[in-house]
Amino acid sequence: MKLPPIYLLRHGQTVWNLEGRLQGQMDSELTDLGVAQALKQGDILQAMVLADGARYHVSPLGRTRHTAKLALGDVPATFDARLMEIGAGDWEGRLRWEILPGSEADEKLPFDMFADAPGGEGLIGLEARIRAFLSDLDAPAVIVSHGVAISMMRGLALGLDRQGMAALGNPQGVVIEITDGKEFIHEA
């Protein structure tokens, strides 16, 4: 997939991330660490040389809006529902250990877990909306989104299969740059 340069920011840690609770398209507040991660992303972006004409796109969910406000300040941003996290259906708001027994909850990657959620959006639905978003990009883009959605974006941009997407980490507090099909992770 040929894309302009993209700069991906995952929202900062939330209360539910800390608890091991699946958020999907539900929301919880950023923790103090999450606030610090978002501020760090802002510092990273300020130190970077972004491609000319970069536009800003943010998932409309509360945790990404808060992260964007902290990391991006008052730059004009477009809120785009296609950037929301994958819908986790019946599992949204539940703890991982309530869904999967014992060590299986720790071993299953979030990408796979969300894919299997009953009543959820599934990877086909997520891929369709992320692919549509990416195909609309006509300028460099700073994107504030979510773990599984960003894994899908990265996978599509890098030509990975589902297994490769699932194996990607979901770091918070970094900026992931993809330029000319190559990925760079910027840390403070």
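Can you find a residue that is of a type in the set (D, E, K, R), surrounded by fewer than 21 Cβ atoms within 10 Å (Cβ to Cβ) and at pLDDT 95 or above anywhere in the range 4-25? There is no residue in the range 4-25 that is of a type in the set (D, E, K, R), surrounded by fewer than 21 Cβ atoms within 10 Å (Cβ to Cβ) and at pLDDT 95 or above.
Being surrounded by fewer than 17 Cβ atoms within 10 Å (Cβ to Cβ) and in contact (Cβ under 8 Å) with a residue 60 or more places away in the chain is a description that does not apply to residue 91.
Entry remark, the range 15-33: residues being under 14 Å from the mean Cα position of the chain (by Cα) and either β-branched (Val, Ile, Thr) or not in a loop (DSSP other than H, G, I, E, B) (or both) number 1 in total. Of the residues in the range 38-46, at least one is farther than 22 Å from residue 155 by Cβ and under 14 Å from the mean Cα position of the chain (by Cα). Scanning the range 43-67 for residues that are buried (at least 19 other Cβ atoms within 10 Å of the Cβ), among the hydrophobic types (A, V, I, L, M, F, W, C) and not in a helix (DSSP H, G or I) yields 58, 61. Just so you know, in the range 140-157 the residues that are of a type outside the set (A, V, I, L, M) and crowded, with 19+ Cβ neighbours inside 10 Å include one that is farthest from the chain's Cα centre (by Cα), and it is 155. Among the numbered conditions (1) hydrophobic (A, V, I, L, M, F, W, C); (2) surrounded by 13 or more Cβ atoms within 10 Å (Cβ to Cβ); (3) out of contact with any Lys or Arg (no Cβ under 9 Å at 6 or more places or on another chain); (4) without any contact (Cβ under 8 Å) to a residue 24 or more places away in the chain, the only one that residue 160 does not meet is (3).
Screening the candidates 3, 70, 39 for the property of being outside any helix (DSSP H, G or I) and hydrophobic (A, V, I, L, M, F, W, C) yields one hit, 3. Could you tell me how many of the residues in the range 100-133 are of a type outside the set (Lys, Arg), modelled with pLDDT of 85 or more and either surrounded by 15 or more Cβ atoms within 10 Å (Cβ to Cβ) or part of a helix (DSSP H, G or I) (or both)? Of the residues in that region, 13 qualify. Of all residues in the range 134-148, exactly one satisfies the criterion of being closer than 17 Å to residue 24 by Cα and in a loop (DSSP other than H, G, I, E, B), namely 146.
The values are calculated or read from the model by the stated rules, or taken from the named source; none is laboratory data. Everything numeric here is computed off the predicted structure, so don't read it as measured data. Because the Cβ atoms are built from the backbone with ideal geometry, glycine has one as well, and the counts that use them run over all protein chains shown.
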